[in-house]
Amino acid sequence: MGVFGMPTGTFVLIFGWIPFWWFVAAVSVYRMRQNDKKNSQGDEVTNG
Amino acid sequence: MVNYSIVAPFIVYLLILLAIGIIANRYLVDLEGYLLGGRGLGAGVTALTLQSTSMSGFMFLGAPSMAFRQGVWALWYAIGDFGGGLVNLAVLGRGLRQLSETFGSLTPIEYLEDRYPHPSIRAVGSLISIVFLSAYVFAQFIAAGKALESVTGLPYIYGLLLGTSIIVLYTFFGGYLAVAWTDTLQAIVMALGINILLAAVLMEVGGFTGLFSSIASQDPTYLSVWGQGFQHAGAFGVVIGAVLLYSIGYMGIPHAVVRHLSMEESDTAKSAIGINVFFNTFFVYQPYILGLAAIVLLPSLNDPEMAIPQLALTLLPTAVAGILLAALMAAVMSTADSILIMAGSILSRDIVQRFSSREISDERAFLYSRALVVGIGVLGIVVAAYQPPSVSDLVIFAFGALACAFLVPNVAGVYWTRANWQGALAAMIGGSGTNIIWTAAGLQSMTAVHPFLAGIVISTVGMVVFSLITEPPDTDVINAVQTARKSVDAPTGTVKQSTDSLAPEATAIATHLSEKSLADN
């Protein structure tokens, strides 16, 4: 069994990192957004 | 025999780059405005500039040659490279920006001395940077020589002389002014060119299934994650090092750190992360797959580093091949000029001006900087002509040594208050020294541990042990680190100057100009 003529395990091990890095990017952007939201709320309080 | 149908589009493309540079400079009115404010470069330009600077001749020559020799195993490097920019942004970006703002430091070396206040940090850091940035540039010279050899049909030595001359002259006469604009075009051309070539290759071999089946029929171990002939079987230390090299290594590379830090907070950074992974999806794995395709299509290839140029010349229409090879040359130039000027800036700012007992004028400092550019050019020609190492070996060595020296001090500087200058010095010397010895003595094959992994471990141990057995840093430094960590505001003030300038060379010139205008007033 294989994917595109490559052993399945090898394929997943090598190309599975592409969705992994996309996932990390999505989490990073989400966390940055959350941070920004928190910061802007803090600013509003600070600025009265 | 010179093939003019390839040479013509090659030259036209380089002339277009030059024209864009000239037009961009006129459009931007004056240098000071360009560097100090009103840049207004969006996330797209920012991210693509970062990419084209990071993706050098290694991606066109080194990566495919590794895949040609080692098979699928080489893709461990691609895995790390895919996430390198992202990791740099997520782990180091914000903290280092805030800390450098607090200290008012403008360059990575200056930051290190501010965070670890001792002259030896700047001296050793500058020395390591100049030596290994030079080695990094040598690899670009070799790549340029080989690109010109394949385009013009001239012998390698003439290609090398011509390529190095173009790079040094381009740098010397201020090619950096248009870097942000030309790099964007180059990144797009590089990605388009490489994917057009990949499409042509896949049509030729019958898609991915045809490609991998053909490789397996030649030697199934090419498709093993342990390398052709299982030469790295069970060597987890080598695999981990190969993945970590480009995934975390960027956090120690001076010109990458500066470029990542120079993005405007925070919408630009968020968009840049998206563009980064999008671009990497279409660029990072492709050169390695082309190297695998060369196993099938060019089995008798003498020099594996010529896999992409040879595939282009074999499968693409000559005009398209010419543009692809021009993109290769442009990729080399966009990396080389940044590094050359960064090395020159380090010599002038971080060594000559910092340590000279006399007052050194900016004009004289720039003279030193440019002399170093020419010096590196001449030395590079000698090294590359006498016994040219492979581009991949040289890039991995230079990148590894820089990363081993600076990654731990950079990260510890942000996350570990106790880290002091003794620890940082031990980390820099221990890390880069281990990488050099490991590579030179061929310890990877004896220990099954990658030189980068060995260097990072020693660097970390050095940082922890020497920091703990010596006095903690001054309270000023500890307070600055704690303040920076608590800070939630977007960087302003001093870092605004460095964030406005995309490139390290621009930062150096910005400082030069602001000091000059202060002196004039």
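The values are calculated or read from the model by the stated rules, or taken from the named source; none is laboratory data. Note that the structure is a prediction, hence the values are computed from the model and not measured. Here the Cβ positions follow ideal geometry from the backbone for every residue, glycine too, while neighbour counts run over all protein chains shown.
Regarding residue B:445, is this residue surrounded by fewer than 18 Cβ atoms within 10 Å (Cβ to Cβ), farther than 19 Å from residue B:254 by Cα and modelled with pLDDT under 85? Can you show your working first?
Details: surrounded by fewer than 18 Cβ atoms within 10 Å (Cβ to Cβ): yes; farther than 19 Å from residue B:254 by Cα: yes; modelled with pLDDT under 85: no.
No; evaluated as a whole, the condition is false for this residue.
Please find, among B:284, B:277, B:258, B:243, the residue that is within 12 Å of chain A (Cβ to nearest Cβ), buried (at least 20 other Cβ atoms within 10 Å of the Cβ) and at pLDDT below 90. Give the steps one after another, and end with the answer.
Numbers: B:284 fails: at pLDDT below 90; B:258 fails: within 12 Å of chain A (Cβ to nearest Cβ); B:243 fails: at pLDDT below 90.
One residue alone meets the criteria, B:277.
Would you point out which residue out of B:434, B:492 is outside any helix (DSSP H, G or I), of a type outside the set (A, V, I, L, M) and either within 22 Å of the chain's Cα centre (by Cα) or at pLDDT below 70 (or both)? Spell out how you get there, then give the answer.
Numbers: B:434 fails: outside any helix (DSSP H, G or I).
Being outside any helix (DSSP H, G or I), of a type outside the set (A, V, I, L, M) and either within 22 Å of the chain's Cα centre (by Cα) or at pLDDT below 70 (or both) holds for just one of B:434, B:492, which is B:492.
Just need a number here: residues in region B:215-233 that are of a type in the set (Ser, Thr, Tyr) and touching a Gly at 6+ places or on another chain (Cβ under 6 Å).
Initial filter on region B:215-233 (of a type in the set (Ser, Thr, Tyr)): B:217, B:221-222, B:224.
Those left that are additionally touching a Gly at 6+ places or on another chain (Cβ under 6 Å): B:221-222.
Looking only at that region, the number is 2.
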Identify all residues within region A:21-37 that are more than 8 Å from chain B (Cβ to nearest Cβ) and aromatic (Phe, Trp, Tyr); write none if there are none. A:23, A:30
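Taking region B:448-472, which residues are among the hydroxyl-bearing types (Ser, Thr, Tyr) and over 16 Å from residue B:244 (Cβ atoms)? If you could, list the steps in order and put the result at the bottom.
Of the residues in region B:448-472, the ones among the hydroxyl-bearing types (Ser, Thr, Tyr) are B:459-460, B:467, B:470.
Matches in region B:448-472: B:467, B:470.
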Taking the criterion of being modelled with pLDDT of 80 or more, under 20 Å from the mean Cα position of the chain (by Cα) and in a helix (DSSP H, G or I), would at least one residue in region B:42-59 satisfy it? yes
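This table checks each residue for (1) more than 20 Å from residue B:59 (Cα to Cα); (2) assigned to a loop (DSSP other than H, G, I, E, B); (3) in contact with a Gly (Cβ under 6 Å, 6 or more places away or on another chain); (4) within 14 Å of chain A (Cβ to nearest Cβ).
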position	(1), (2), (3), (4)
B:88	no, no, no, yes
B:109	yes, no, yes, no
B:113	yes, no, no, no
B:129	yes, no, no, no
B:132	no, no, no, no
B:141	no, no, yes, no
B:150	no, no, no, no
B:161	yes, no, no, no
Look at residue A:40 and say whether it is modelled with pLDDT under 75 and either part of a helix (DSSP H, G or I) or facing another protein chain (nearest Cβ under 10 Å) (or both). yes
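Here is a check on your reading of the model: is residue B:314 among the polar types (S, T, N, Q), surrounded by fewer than 24 Cβ atoms within 10 Å (Cβ to Cβ) and within 14 Å of another protein chain (Cβ to nearest Cβ)? Before you say what the answer is, go through the steps one by one.
Working: among the polar types (S, T, N, Q): yes; surrounded by fewer than 24 Cβ atoms within 10 Å (Cβ to Cβ): yes; within 14 Å of another protein chain (Cβ to nearest Cβ): no.
Judged against the criteria, residue B:314 is not a match.
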Sort out which residues of region B:330-348 are of a type outside the set (S, T, N, Q) and in contact with an Asp or Glu (Cβ under 7 Å, 6 or more places away or on another chain), and write them in order of number. B:341, B:342
Checked against (1) modelled with pLDDT under 75; (2) in a helix (DSSP H, G or I), residue B:329 satisfies every condition except (1)
